[in-house]
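Colleague: Sharing a structure with you now.
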Amino acid sequence: MNKQFGRIIVFALSASFFLLGVTTTNAVADKPGKTESDRAKINRAMKAAPISVSAHATIMDADGTILRHGSPDSDWVCFPGVPLIDGDKHPMCNDAVWMAWLNALFNGESPPERSTIGYSYMLRGDAQVYNNSPDPAHGDPAMLDQEGPHLMILYPTGINLDHLPKDPDAGGPYVMWYGTPLVHVMVPLTDRDR
C-alpha cells in the first residue's frame, strides 16, 4: 500500500470513528460535570465568520445535530468547533464545497472532485495541527502550527499550487497538507507572534 494512501485511510478512519460515536463530542463548560448549552455553542459558531455569513448559516454541532436551521437561501454551515477534533472549540463556517469535502471525510471517502473554489472561515483561529500532514502520526514537529484568524480555500481539483509556500511562517497565504488529497490554502487574516 502506498504510504500516502495509508495516511489518508488512517485520517479517514479516524473521521469515521468520530461519526460513529466512538469518541465523545460534547464540549464541556469550564465547570466539571457541566455540559455546554446549545445557546453557547451557537454563539461561538457564529463568531467563526463575518455576521453577514453566520447570521444566515445553519449551525451544526460536531456530532451532526442541527442547533439552528439557517436561511433557505444560505448554503453555509457553522460549527462551534472543528468537527474532526474531539472537544475542539475553534469555530468554523463552511460553504457547500467545504461541506462536501468534510462529509466525504466523515464517510471515510476521498474528497470529491471540485470544479469551483470553496471557502471556510475560522476567524477565532485554529487548533494546533501539522501543516505537512493531516495524520498526526506522520507530522513533522517543525511543521506543528496554530494559525490565528484565517480563511481556508479549496481550489478546483488539479489546480497547481506549487508556486505557493508550504511554510506557515513564510508570510501571506500558504499551502496546508500539500501532496495529499486534503490540500488547501490557508490565508492568515491578522499578524501574530510565531
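The values are calculated or read from the model by the stated rules, or taken from the named source; none is laboratory data. Values in this document were obtained by computation on a predicted structure and should not be read as measured data. Glycine also receives a Cβ, built like all others from the backbone with ideal geometry; neighbour counts cover every protein chain displayed. Note: accessible area is taken over every heavy atom of the protein model, side chains too, but ligands, DNA and RNA are not part of it. Shrake-Rupley method; radii C 1.70, N 1.55, O 1.52, S 1.80 Å.
Colleague: Two decimals is fine: what's Rg over Rh for region 57-185, C-alpha atoms, Kirkwood radius as Rh? Write out the running numbers ahead of the final one.
Modeller: Details: Rg = 14.5 Å, Rh = 15.3 Å.
Taking Rh as the inverse mean 1/r over Cα pairs, Rg/Rh reads 0.95.
Colleague: Take the Cβ-Cβ distance between residue 89 and residue 110 as r, set R0 to 22 Å, and report the resulting FRET efficiency rounded to the nearest 0.05. Write down the numbers at each step before the final one.
Modeller: On the way: r = 28 Å, r/R0 = 1.29.
Once the sixth-power term is evaluated, E becomes 0.20.
Colleague: With the cut-off at 18 Å, report for region 55-102 the share of all Cα pairs above it, as a whole percent. Please report the intermediate quantities before stating the final value.
Modeller: Numbers: 221 of 1128 pairs.
Taking all Cα-Cα pairs of region 55-102, the fraction more than 18 Å apart is 20 percent.
Colleague: A further question on this structure: Can you put 110, 71 in order of accessible area, largest first, using a 1.4 Å probe?
Modeller: Details: 110 75, 71 35 Å².
Greatest to least solvent exposure: 110, 71.
Colleague: Name the residues whose placed amide hydrogens come within less than 5 Å of the amide hydrogen of residue 90, ignoring near sequence neighbours (fewer than 5 apart) on the same chain.
Modeller: 82
Colleague: Right, next: Which order, highest average first, do 134-147, 54-67 follow once you tally other Cβ atoms within 10 Å for each residue and take the mean per peptide? Write down the numbers at each step before the final one.
Modeller: On the way: 134-147: 15.1, 54-67: 17.6.
In decreasing order of mean packing, 134-147, 54-67 become 54-67, 134-147.
Colleague: Take the Cα gyration tensor of region 93-158, multiply each eigenvalue by 5, square-root it, and list the three semi-axes largest first, rounded to whole angstrom.
Modeller: 21, 16, 11
Colleague: So who's got an amide H within less than 5 Å of the one on residue 167, skipping anything under 5 residues away but keeping other chains? H placed 1.01 Å off N, in plane.
Modeller: 175
Colleague: Output the antiparallel fraction of DSSP beta bridges having both residues in region 39-194, as a percent to the nearest 5.
Modeller: Details: 21 of 23 bridges.
Within region 39-194, antiparallel bridges account for around 90 percent of the total.
Colleague: What does the highest-first list of 45-51, 164-170, 91-97 look like by mean Cβ count within 10 Å?
Modeller: Values: 45-51: 19.1, 164-170: 14.0, 91-97: 22.4.
Per-residue Cβ counts within 10 Å, averaged per peptide and sorted highest first, yield 91-97, 45-51, 164-170.
Colleague: For residue 78, which sequence-distant residues (separation of 5 or more, or a different chain) have an amide H within less than 5 Å of its own amide H, given hydrogens modelled in the peptide plane?
Modeller: Here 58, 59, 60, 94 satisfy the definition.
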